[in-house]
Amino acid sequence: MSERAPQSITIVGGGTAGWMTAAALSATLPRGYTIRLIESEQIGTVGVGEGTIPHIHLFNQLLRLDEADFIRSTQGTFKLGVQFKDWRRVGERYMHGFGSSLGPGLNLLPFHQYWVKARHAGRAQALDRYVLAASAGPAGKFMTSARDVPATSPLANISYAYHFDAGLYARYLRSYSEQRGVQRSEGIVRQVKQTDNGDIASVVLDNGEEIAGDLFIDCSGFRGLLIEETLKTGYHDYSQWLPCNRALAVPTENAGPPTPYTRSTARQAGWQWRIPLQHRTGNGYVYCNDFISDDEATATLLANLDGKPLKDPMPLRFVTGRRKQFWNRNVVAIGLSSGFLEPLEATSIYSIQTGITKLLALLPQDRDYAVLAERYNTQMSFDFDRIRDFLILHYKANQREEPFWQRCAAMEIPQELQEVIDLFADSGRFFRQGEEMFAEMSWVQVLIGQGVLPRHWHPLVDQVPDEDVWRFIDSVGSTIERCVEAMPMQQAFIDRHCAAPRLAMDLPREPVSA
């Protein structure tokens, strides 16, 4: 650090992004730093991301959170993946299930290579049958990894994430952060002051308080108060590939036990989410207003709810994309201020998390940020662009007949994604790029689920006699079936380990979810 320690970090904005940042910084930074967060109760938070992916375990481990307490405090449930309904064609569905692999490999080749051959021969069922999460989720089953089974059992390594109330999550992390010395200031930022060289010097609140800082974290949401309104950083627009630009969100009463998966249902001009929590269910419709009016979208959402609405749908407008720089001068944008990738695969909280962890890895020692910022921007741009391509795949590979979906199927896509599709369609091969978030298992499930069935398979598959391949495929399916039978229902697991107290339904502003 420089000689002018303590170094002060000022976070502008609360919600999920602000309090995740505050919690992580307070848990990791050494003594000598001061952390202040500015937020206003008058400003509602979007709170993107009631659904998460398994990477959140790393964040919770960093904070040393107790899982049962975390689940109870956020009215959480467990998530084994995302079920996609009607995405390829109306009447079809598949699961993108979590896990490290689809099934056991054979002779150095991944399981799906053998499955492709068996599928072409009519000797394999749908891919979901061979993935524990994809089979257990629709059955309503859930458990954490078992300790009393062989290490090779699928039950020994169960990958899962969470659904939770984003408002309660921010409240939970606020308590955590304040206990560790984070100072909170209530107020709306009315003025931003800059130094002669263009850095942010301080922000002035509506009560006249002026708060300075060495490093500013912009968690001000879509507005981008510091990164965009002040520093004019610029924005890379993804809407030519991710055309949805509106969302409606509404909470409902629960209708039956919670499912251990997010449900994503394709609609006329977008898609609808359903996320069950312990105290309510989150629902929403993400759509493109070029193909449906706001009133029609509202009617569609309300007509397709499983439970009674608890409030009126909340509208939200957005443009998918990312900042041209995530770190500009002495400002780092985290959360919606950094960009927005629609909530289709629950990547919003992951993007917050990876922004925080990369900032910690590149924590500056002084005010000379240039080299660190350049690396940060390169890594974050790579993350956003690869997630973007994974989301585009869901839209591009469809066979629906509505104008919205036909336009998606016909659109030009990034060259890197086209190469991924072409390689997989040829012979089922996929090669992960660097440290991109989604691994082979995720890409394979979505590619096959969306109808990209490889024409061929790896030639080494043919070195195994056909009857051995059929037996191998059948044994994997039978093993998964027995494992699912042995698992408890998710509701029974929650009741036993982490049931939350009942809440009065005075709900925070409903977040956009997936």
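Every number here is computed from the coordinates shown, using simple stated rules; none is lab data. Just so you know, these numbers come straight off a predicted model, no measurement behind them. Note that we place each Cβ from the backbone using ideal geometry, even for glycine, and neighbour counts take in every protein chain shown.
With n ≥ 4 as the cut-off for DSSP H runs, can you work out [θ] at 222 nm for the chain, using -39500 (n - 2.57) per run divided by the number of residues, rounded to the nearest 500? Numbers along the way, then the final one.
Working: 14 runs with 169 residues, N = 514.
Helix contribution divided over all residues of the chain: -10000 deg cm²/dmol.
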Taking K193 as the anchor, which aspartates and glutamates have their alpha carbon closer than 16 Å to its alpha carbon, excluding any fewer than eight residues away along the same chain? D206, E209, E210, D214, D218, E228, E229
Segment K308-Q463, length gained on full extension (0.36 nm per residue, minus Cα span): 50.1 nm
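Give me the net charge for the shell around A297: Cβ to Cβ below 11 angstrom, other residues only, Lys and Arg +1, Asp and Glu -1.
Its environment carries a net charge of -1.
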Environment charge of L63, counting only residues whose C-beta is closer than 12 Å and scoring Lys/Arg +1, Asp/Glu -1: -1
Please compare each pair in K232/K358; K79/K324; K311/K358 to a cut-off of 31 Å on the Cα-Cα distance and tell me which ones are over it. K79/K324; K311/K358
With axes computed from alpha carbons, what is the tilt in degrees of helix 348-361 against the longest principal axis of the chain, rounded to the nearest 10 within 0 to 90? 60
Excluding same-chain residues fewer than 8 positions from K141, which aspartates and glutamates have a Cα within less than 14 Å of its Cα? E481, E485, D495
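Give a quick list of trypsin sites (Lys or Arg not before Pro) in segment 153-226 that DSSP marks as loop, anything other than H, G, I, E or B, with at most 16 other Cβ atoms within 10 Å. Numbers along the way, then the final one.
Numbers: sites: R171, R174, R180, R184, R190, K193, R223; in loops: R180.
Sites meeting the loop and neighbour criteria: R180.
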If you take every residue apart from P488 with its C-beta less than 9 Å away from the C-beta of P488, what net charge results, scoring Lys and Arg +1 and Asp and Glu -1? +2
Taking the Cβ of each residue in W327, W241 as the centre, tally the other Cβ atoms inside 10 Å and list the residues starting with the fewest. W241, W327
